[in-house]
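Notes follow once the structure below has been shown.
Any read-out appearing in this document is the output of simple, stated calculations on the displayed coordinates, not a laboratory observation. In this text the structure is predicted, and so the values were computed from the model without any measurement. In this analysis, Cβ positions are derived from the backbone assuming ideal geometry, glycine residues included, and neighbour counts consider all displayed protein chains.
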Amino acid sequence: MKSHYVNTIYRNRLRILAVILLVCLLGLMLRVVYIKLVSGGYLTELSDELHNRERTLESKRGDIVDRSGVVLATSGSICRVSVVHNQVENEEETARVLAEILGLTYEEVLEKVQKRVALQIIQNQVSTEQAQQIRQANLPGVMIDENYDRYYPFGSLAAQTLGFVGSDNQGVVGLEVAYDAYLQGIDGRILSLTDARGVNLEGQGEQLEKGADGHVLQTTLDVNLQQYAEQLIEKAVTQKNANKGALIAMNPQNGEIYAMALYPSFDLNTPFTIQDETLAQTWDQMDEAAQMDALNQMWRNWCINDTYEPGSTFKIVTASAALEEGLTSLEEGFHCSGNLVVADRRIRCHKSGGHGSLTFLQGVQQSCNPVFMTLALRLGVDRFYEYLDRFEFDEKTGIDVPGEATGLMHDKANVGPVELATMGFGQSLTITPIQLLRTAAAVVNGGTLVTPHFGKSIMDSSAQTVLKELTYDTQPQVISAATSDAMRTALESVVTEGGGSKASINGYSIGGKTATSQKLPRSAHQYISSFLGFSPVEDAQIMVLCLVDEPEGIYYGGTVCAPIVKEFLENALPYLGVKPNYSTEESGETDALDAEEGYTAAPDVLGMSYAQAKKTIEEAGLEVESLGSGEVVSEQFPLAGEEIRKGTKLIIYLEEEKTNEDTRFNEAD
């Protein structure tokens with residue numbers, strides 16, 4: 001009986017054990033099925049990651065070239081040195097050799113060599129000579145791969161426009177970031193098969209997966225015009241001890257930008273090196289945030305990213321609107337007494353004695369504030385703002401670089417007579433320089449609002465085949481062709497008979513507009529001098545805007561910036577193949593002006609007292625205008641010896657003049 005009981009227990013235990021084994025076997029089978037059908041791909045990937053070693057083969061970033069194919073930005077071949085820890089046989093010896101060849105400290109290299117990671121980069125930018133020395137050392141576990149380094153052959157040329165790349169070879173600012181998707185290539189890979197310890201398997205070799213180089217960006221920039229523009233604006237800023245300056249040259253028919261020169265600038269090959277000498281002396285004492293802010297200011301393209309009060313160059317908008325609406329004509333008569341009372345405010349003209357009786361055309365020539373205040377008030381708020389909308393001042397121009405700003409205007413509901421009057425001559429509103437250039441282009445090209453741009457085409461990596469022609473939006477007939485014709489006539493007269501005479505070029509028809517806008521706060525008595533010029537008047541092929549911020553001494557746009565534009569156009573027009581409109585003989589002009597009756601040489605009055613200078617100037621048959629309240633003449637314009645017509649105004653600078661609060665509506669033009 002007892003034996004039967006024991007046998008029963010054993011049989012039950014065997015059954016339980018059999019069931020357990022069966023369940024385990026079933027579980028194992030299910031697990032195998034799960035791994036095979038569900039987790040197989042994932043586990044295969046893990047296995048591949050364990051046994052496949054991958055190194056990136058960086059693609060070459062595409063070049064940026066000018067309109068003629070001259071390379072402005074390119075990528076040169078360099079090498080990258082890295083180590084695979086599990087393949088290194090002697091860590092100390094490897095670190096010693098690499099440190100010696102690369103010029104690094106032994107400690108920092110050893111720390112990298114000893115890191116237990118799949119691939120550790122020792123140095124990214126290694127010369128071909130250094131790479132060859134490392135290859136000859138035959139160090140196990142040390143890998144040398146080809147890499148690329150961005151290089152700018154012209155250094156600081158068009159720095160704020162081109163921009164630069166970061167350590168990851170991606171664009172940071174300017175065209176480099178705007179066209180990053182085209183310029184970046186597709187990286188390749190180098191694959192090798194290893195055992196579980198990460199050591200290459202013998203006989204397996206390496207597998208190369210080729211990438212693709214980036215495309216070439218062809219721009220509208222012209223390297224020769226850009227270089228010349230930069231030379232001129234640097235000279236102007238330096239001579240006038242100004243804060244900064246810019247010169248932009250654009251084709252007003254299609255928006256192609258030939259040059260955009262800003263000074264100060266920076267070297268694109270060392271973009272993190274501050275150029276301001278004063279700032280550089282305290283650089284190490286600045287915190288990281290302050291340093292980054294200073295760098296951003298240095299990189300900033302303020303012609304696109306910042307707004308300013310344009311002053312009298314904005315009068316072309318008021319004039320165009322009034323002509324388009326039939327509210328005036330070139331022959332209409334006005335009267336300027338030196339000021340205009342608007343509501344309860346007396347707003348002065350820049351000519352304190354007034355211009356007297358003058359036509360609208362003469363008002364444009366002399367940049368008479370009361371004429372443009374009158375026209376703005378005739379237009380009224382609604383119609384004035386309609387033209388602000390037509391010229392799209394509240395929108396971006398669409399220029400193909402990042403960070404563009406838009407104009408800042410009063411809320412229309414808050415605009416009264418005083419605000420409207422001052423907006424009429426370019427104060428109480430702010431726009432960007434590129435917005436002004438775009439608007440002026442429409443005024444003279446027949447009424448078409450073009451999109452300013454730098455990109456011309458996308459080419460293959462060899463720059464032999466055009467893959468894509470870049471196109472840009474236009475807005476036709478923002479003003480009529482008739483209004484555009486009248487404005488060209490008016491703006492030509494500014495150069496032939498008005499305040500822009502210093503931009504006149506023998507043989508060419510030149511149109512333009514001067515401006516001398518007072519910066520905020522008005523009490524600081526700081527100005528932005530500017531001149532907008534174009535040629536030929538009949539069919540403008542180039543338009544130039546020059547701005548000089550806070551020039552010392554004489555600060556009028558007609559005296560500071562008009563000569564710069566003239567000098568630029570004298571070289572740019574023949575270079576672009578623009579033929580003269582007329583010969584010197586046809587115009588009745590001659591190079592020997594001093595031999596003509598009615599011309600004289602400007603006397604040298606530097607160092608004289610005001611009384612002495614005034615007497616000398618008047619004896620030469622010239623008028624005198626003084627700026628400031630000092631005792632000694634420190635600057636004069638025109639310069640001594642320059643041949644000028646008798647009756648011309650010679651400007652002398654004594655000291656910053658002090659004016660009352662009404663000059664916050666003044667336009668010194």
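Which peptide among 489-500, 99-110, 396-407 comes first, and what is the full order, when sorted by highest mean count of other Cβ atoms within 10 Å?
On the way: 489-500: 22.8, 99-110: 14.8, 396-407: 18.8.
My ranking of the peptides, most packed first, is 489-500, 396-407, 99-110.
Across the Cα atoms of the chain, what radius of gyration and what greatest pairwise Cα-Cα distance (Dmax) are found, in Å?
Using the Cα atoms of the chain, the pair Rg, Dmax is 35.7, 153 Å.
With 10 angstrom as the radius, rank Lys240, Lys112, Lys412 by how many other C-beta atoms surround their C-beta, starting from the fewest. Each step should come with its number before you reach the end.
On the way: Lys240 21, Lys112 18, Lys412 13.
The most exposed by this proxy come first: Lys412, Lys112, Lys240.
Using just the helices of the chain, give the 222 nm mean residue ellipticity in deg cm²/dmol: DSSP H runs with n ≥ 4 each add -39,500 (n - 2.57), and the total is spread over all residues, rounded to 500. List each step's numbers first, then the result.
Numbers: 22 runs with 236 residues, N = 669.
Rounded to the nearest 500, the figure is -10500 deg cm²/dmol.
Starting from 0.36 nm per residue, how many nanometres of slack lie between Ala212 and Glu538 once their C-alpha separation is accounted for? Could the numbers behind the result be given before it?
Working: separation 326, 0.36 × 326 = 117.36 nm, distance 4.79 nm.
Gain in length upon complete extension: 112.6 nm.
Let me check against my output: what whole-number percent is the relative contact order of the chain, with C-alpha pairs under 8 Å and at least 6 apart?
Values: 1394 pairs, mean separation 79.3, N = 669.
Value for the chain: 12 percent.
So how do 342-348, 175-181, 289-295 stack up, highest first, on mean other-Cβ count within 10 Å?
Working: 342-348: 15.6, 175-181: 20.3, 289-295: 13.0.
For the peptides 342-348, 175-181, 289-295, the packing ranking is 175-181, 342-348, 289-295.
Cα-Cα over 27 Å: which of Lys519/Lys646; Lys244/Lys566; Lys519/Lys615; Lys468/Lys566?
Numbers: Lys519/Lys646 34 Å; Lys244/Lys566 20 Å; Lys519/Lys615 33 Å; Lys468/Lys566 36 Å.
Those over the limit are Lys519/Lys646; Lys519/Lys615; Lys468/Lys566.
Which residue, chosen from Ala246, Thr273, Gly647, occupies the Cα position most advanced towards the positive end of the dipole of the chain, where the dipole is computed from +1 (Lys, Arg) and -1 (Asp, Glu) charges on Cβ about the Cα centre?
Thr273
For Met286 paired with Thr648, estimate the spin-label separation in nm (one decimal), with each label point 7 Å from Cα along the Cα-to-Cβ line.
4.3 nm
Grab the Cα-Cα distance for Asp485 and Tyr582, subtract it from 0.36 nm times how many residues apart they are, and report the gain in nm with one decimal.
Working: separation 97, 0.36 × 97 = 34.92 nm, distance 1.98 nm.
Here the segment from Asp485 to Tyr582 would lengthen by 32.9 nm.
If you average the C-alpha positions of segment 241-279 and of segment 304-360 separately, how far apart do those two centres end up, in angstrom?
32 Å
Given the convex hull over the Cα atoms of segment 311-374, what projected area results after averaging over all orientations, in nm²? Please list the in-between numbers first.
Values: hull surface 16.7 nm².
Averaged projected area of segment 311-374's Cα convex hull equals 4.2 nm².
Neighbour counts of other C-beta atoms within 10 Å: give me Leu157, Leu17 arranged from fewest to most. Each step should come with its number before you reach the end.
Numbers: Leu157 22, Leu17 10.
In order of increasing Cβ crowding within 10 Å: Leu17, Leu157.
Among Pro153, Met29, Gln218, pick out the residue whose Cα is farthest towards the positive end of the charge dipole of the chain, where Lys and Arg carry +1 and Asp and Glu carry -1 on C-beta, about the Cα centre.
Of Pro153, Met29, Gln218, it is Met29.
Picking from Gly363, Gly333, Gly353, whose Cα lies most toward the positive end of the charge dipole for segment 305-369 (charges on Cβ: Lys, Arg +1; Asp, Glu -1)?
The residue sitting most towards the positive pole is Gly353.
For the chain, list the cysteines whose Cβ sits under 4.7 Å from no other cysteine Cβ?
Cys24, Cys79, Cys303, Cys336, Cys349, Cys368
Could you calculate the contour length gain from Asp344 to Leu467, that is, 0.36 nm times the residue separation minus the distance between their Cα atoms, to one decimal place in nm? Mind showing how you got there, number by number?
Details: separation 123, 0.36 × 123 = 44.28 nm, distance 6.22 nm.
Contour length minus the Cα-Cα distance gives 38.1 nm.
If you place +1 on the Cβ of every Lys and Arg and -1 on the Cβ of every Asp and Glu, how big does the dipole about the Cα centre of the chain come out, in debye to the nearest 20? Could you put the intermediate results ahead of the total?
Working: 52 positive and 92 negative charges, 663 e Å.
About 3180 debye.
Suppose each label sits 7 Å from its Cα in the direction of the beta carbon; what would the Asn254-His335 distance come out to in nanometres?
Once both label points are built, they end up 5.2 nm from each other.
Ranked highest first by average number of other Cβ atoms within 10 Å, how do 383-394, 622-633, 542-553 line up?
The peptides rank, most packed first, as 542-553, 383-394, 622-633.
By counting other Cβ atoms within 10 Å of each Cβ, how are Phe568, Phe534, Phe266 ranked from fewest to most?
Working: Phe568 25, Phe534 30, Phe266 21.
So the ranking, lowest neighbour count to highest, is Phe266, Phe568, Phe534.
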